[in-house]
Amino acid sequence: MAVLAWGMAAAFMTVGQPAAGGFTPPKVAVVNVPAVSERYLRTSDLEAQFEERRVKLNQQRDAMQERIERTGRSLQEELKPGTKEFEERRKQLVMLEAELQWFIETEGQKVEQGLAGSLRSIYSDIQAAVRAVAEEKGIDLVLAADQLPNEAPQSTTQVRQQIVLQKVVYWSARLDLTDDVVTRLNAEYRAQRLNSPAGAARPPLCDEDHAPAGMSPQP
C-alpha cells in the first residue's frame, strides 16, 4: 500500500512539474452543465413548445374520453340489451376505448423520443460552446462540475447519490467557464433567431407530435 501511495504521489508530481524536455502541464477549467442548460434561452423556448404540445394532447385525450362516456351512457340508458342497436353501440364503445388506449401509448413513445432528441440537441450546443470558449482561452481540459442542491433531499440514499455524482470537489472561481459558455450560447442563439424567417424563430421539436416526458396524455 505504501508503494502504491508513493507511486501515485510521484505520478502527480510528474504531471504537475515541467519535465526536462519542456513539458507544460495542461490548463484545466470547469463548467456547471446543469446551470448552463437552465440559463440557455433555447431550453426555455423548447419548454414552451413542449407545454403547448402537452395542452393539445390533453385536449385530444379529454375529447376522446368524453365521447366514450357519452357512448357508455347511451348504451345503458337508451338501448335495450340484446337488440342489434345495443350490440352495435357496445362494439363502438369497445373500439373507442381501444383507440384511446392506443393514442395514450403511441403518444407516450413519441414523448420519450422527442425528449431524448431535444436533450441531445441541447447538450450538443453546450458542448460546442464549451469547446469554442476553451479554445479561445487556451484550455486543454474542461471538467463537468456542479454543486449539491440547496433543497433538502428526501432520503439518505439520495444524499449518497448526490455526493457520489459530484465530479469535481473543489475548483477556483477563476477556472469556472460557466458564465462565458452561457454568454456565448445565448448570443449565438439570439443571432440565429434574428436571422430566422418569421414563424421559425423558435427551434422546432424533433417531431411534430413529440412532447417532453411527463407531458403525455394521462388516462
| note | Computed on Cα atoms only, the convex hull of segment 104-177 has an orientation-averaged projected area in nm² of 7.6
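Based on the Cα atoms of segment 134-190, what semi-axes does the equivalent ellipsoid have, where each is the square root of 5 times one gyration tensor eigenvalue, given in whole Å with the largest first?
On the way: eigenvalues 165, 46, 16 Å².
Computed over segment 134-190, the values are 29, 15, 9 Å.
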| note | Taking a straight Cα-to-Cα line shorter than 16 Å from Lys137, and setting aside same-chain lysines fewer than 8 residues away, one finds Lys27
| Fully extended, how many nm does the chain gain between Glu87 and Ser74 (0.36 nm per residue separation, minus their Cα-Cα distance)? | 3.5 nm
| query | Taking only the alpha carbons of segment 27-194, what extent do you get along each of the three principal axes, in Å, biggest first? | reply | 83, 47, 21
| note | Of all GluC sites (Glu not before Pro) in segment 56-142, the ones in DSSP coil with at most 11 other Cβ atoms within 10 Å are Glu78
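From the mean inverse distance of alpha carbon pairs (Kirkwood) and the Cα radius of gyration, derive Rg over Rh for segment 52-143.
Numbers: Rg = 25.1 Å, Rh = 17.4 Å.
That ratio equals 1.44.
The numbers here are math on the coordinates, done by the rules we state, and not lab data. Note that the coordinates shown come from a computational prediction; the quantities given were computed from them, not determined experimentally. Cβ: placed from backbone, ideal geometry, glycine included. Neighbour counts: every protein chain shown.
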